[in-house]
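J.: Before anything else, here's the structure in question.
Nothing in this text is a laboratory measurement; each read-out follows from the coordinates by a stated rule. Just so we're clear, the structure is a prediction, and the values are computed from it rather than from any experiment. All Cβ positions, glycine included, derive from the backbone under ideal geometry; neighbour counts span all protein chains shown.
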Amino acid sequence: MILNTSLVALGLLALTGVDATNVKVKRCTVKHNKNGKDDSENILKAFKDCSKNAVITFEKADYNAHTPISMTGLKNVVVHLNGNLNLPKDMKTVQDKINVTLNQPSTYATPWFYFQGEDVSIIGSQDFKWGRFNGYGQQWWDIGNRVLRPQLATFNVTGGLLRDLKVIKPIAWGWNLPGRNILVRNHFVDAMPNNGTRDETVSFPFNTDGFNLSGHNITVDGYYGHNGDDCVSVINGAQDIVAKNGYCGFSSHGLSIGSLGRNGAVHTVKNVLFKNWTMEGAVYGARFKSWTGGQGSAENIAWEDITLIGVSTGVFITQNYYDQDKGPRPPNVNKTSTHVSNMSFKNFKGTLGTNWTDGTCISDPCWNYVPGLNETKSVIFDLYAGTAVNITLSGIDIRTHKNSKKTNVICDPTALAEGEQDTLGFQCANGPFIATPIKKPGKPGKPHGKRE
């Protein structure tokens, strides 16, 4: 069902406090070149002509967005994507154009589409064949091309809605959300290769994150994706994030915080909830990752009601990440790490797989190796001494692929802050997972010692 665009637009105006009865709603239909030529100029014209108090409609057609596009200064705009937006199929064309575009870069790459403004909605078709962003990433994965790859889109708006959008074979990263007060509903991602499995390095979809969230007050409600990296990655600057009701298949790298603190940076993340997800074939169910020597903090983070199917590690925390393919771990000159406080993992149920890594393992040691990792694990805590407090695990029922409860963990008790074992919920020691009673947390104590 297509929403009544006048009502939607008037509703957005009402939210901003504008007297909607005195505002004329403008309408633009994006012209489509039927000869296969680039439609980017047509798209830009529609967004220029209808940049305020407007409804923009893409027809049920394949639009060739063969040039990176920046749509800024939008205010009270509803976009109906009834057709599809196609990137160039030619890799060199993509590389040449992303290399010279003036689109504002994101944390990881430069986006092909950049949206900026206030009260902006992009609504896809409820017909699965339409409302798509086609990236033609398969050919990039087939030859392992990781040079000059664009992020699909940045949605840098205050007051936004993304609904019923489909991302098909993205080259790499999907949507970047640095804005505020954004709702995402019913998002779909297909980043699974047509000719490979999660354990093969051939045609692996590197860096195909579903979302990178760095804004404030963002809710993702309804996600179905096959990813070769994080389904949802909450990164520096994020605050008040909810990601719920999702499925991650193929070889996701999890519901992730980070990475944080690269090159000693001061990064912060605060108030995040992941709830009601199924993780199938993932390397991680839940993941926190900060770099060796990182600074800043991550606080009030929760994962709840997570179902695991054949994952490599159920719960994973590292405060000591580094690029293994560039040599040994560098010295921690800051003698610290990104501080973690009030982090909980509740009601994790399901099974581990048989492979502790996936097709992204192209270095020796693998990028995700930690000392002692030689099999799938229910829990891995790779902590920096004394910098993680009030972490709890409860309702953990993670089993082997043969449905045995005898799973193992990696955890160094000397890295725990004083009193932390009392509230942890499992025995911190390399070996079998043993649940322990959780005592009422007290004030964080002094660390046992520092890791040099």
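J.: Express as a percent, rounded to the nearest 5, the fraction of DSSP beta bridges in the chain (both residues included) that run antiparallel.
T.: For the chain, the DSSP antiparallel bridge percentage is about 5.
J.: Further question: Bin all alpha-carbon pair distances of region 138-202 at 10 Å intervals from 0 and give each bin's fraction as a whole percent.
T.: Taking all Cα pairs of region 138-202, the binned fractions are 18, 43, 25, 13, 0 percent.
J.: Based on Cβ point charges of +1 for Lys and Arg and -1 for Asp and Glu, what charge dipole magnitude is obtained for region 5-432 about its Cα centre, in debye rounded to the nearest 20?
T.: 940
J.: Right, another one. For the charge dipole of the chain, defined by +1 on Lys and Arg C-beta atoms and -1 on Asp and Glu C-beta atoms about the Cα centroid, which residue among His66, Ser256, Thr29 has the Cα displaced farthest towards the positive pole?
T.: The listed residue farthest towards the positive side: Thr29.
J.: Please tell me the relative contact order of region 5-432 in percent, rounded to the nearest whole number, where contacts are Cα pairs under 8 Å and at least six residues apart.
T.: Answer for region 5-432 is 8 percent.
J.: Right, another one. Any chance you could give the angle, 0 to 90 degrees and rounded to 10, that helix 91-100 forms with the longest Cα principal axis of the chain?
T.: Roughly 90 degrees between the two axes.
J.: Only helical DSSP H runs with n ≥ 4 go in: add -39500 (n - 2.57) per run for the chain, normalise by residue count and round the 222 nm mean residue ellipticity to 500 deg cm²/dmol. Kindly include the intermediate steps, with their values, before the conclusion.
T.: Numbers: 5 runs with 40 residues, N = 452.
Per the formula, -2500 deg cm²/dmol.
J.: Here's something else I'd like to know. Hey, what's the Kirkwood Rh for region 5-432 if you take every pair of different alpha carbons, in angstrom?
T.: Hydrodynamic radius (Kirkwood, Cα only) of region 5-432 equals 22.2 Å.
J.: Of Tyr321, Thr278, Gly353, whose Cα points farthest to the positive end of the dipole of the chain (charges on the beta-carbon: +1 Lys, Arg; -1 Asp, Glu; origin at the Cα centre)?
T.: Thr278
J.: Does region 169-228 classify as rounded, prolate or oblate by the C-alpha gyration tensor (a ≥ b ≥ c root eigenvalues; a/c under 1.5 gives rounded; else a/b over b/c gives prolate, otherwise oblate)?
T.: The shape class here is prolate.
J.: Now a separate question. If the cut-off is a Cα-Cα distance under 22 Å, which lysines reach Lys26, setting aside same-chain residues fewer than 8 apart in sequence?
T.: Cα-Cα hits under 22 Å: Lys45, Lys48, Lys52, Lys60, Lys75.
J.: Using every Cα-Cα pair within region 128-175, state what percent have a distance larger than 11 Å.
T.: That tail contains 71 percent of the Cα-Cα pairs.
J.: Could you state the number of Å between the C-alpha centres of region 271-305 and region 27-71?
T.: Here the answer is 38 Å between Cα centres.
J.: A follow-up question, please. Kirkwood hydrodynamic radius of region 155-290 from all distinct Cα pairs, in Å?
T.: 14.7
J.: Kindly provide the trypsin sites (Lys or Arg not before Pro) of region 88-168 that DSSP labels as loop, not H, G, I, E or B, and whose Cβ sees at most 10 other Cβ atoms within 10 Å.
T.: Here the sparse-neighbourhood loop sites are Lys129.
J.: A further question on this structure: In whole Å, what are the extents of region 67-184 along the principal axes defined by its C-alpha atoms, from largest to smallest?
T.: The Cα atoms of region 67-184 stretch 41, 32, 19 Å along the principal axes, largest first.
J.: Starting with the highest mean, order 40-48, 390-398 by the number of other Cβ atoms within 10 Å, averaged over the residues of each peptide.
T.: 390-398, 40-48
J.: Here's another thing I want to ask about it. Jot down the per residue volume, in cubic angstrom and as a whole number, of the convex hull over the alpha-carbon atoms of region 256-367. Write down the numbers at each step before the final one.
T.: Details: hull volume 9.8 nm³, N = 112.
It comes to 87 Å³ per residue, whole-number rounded.
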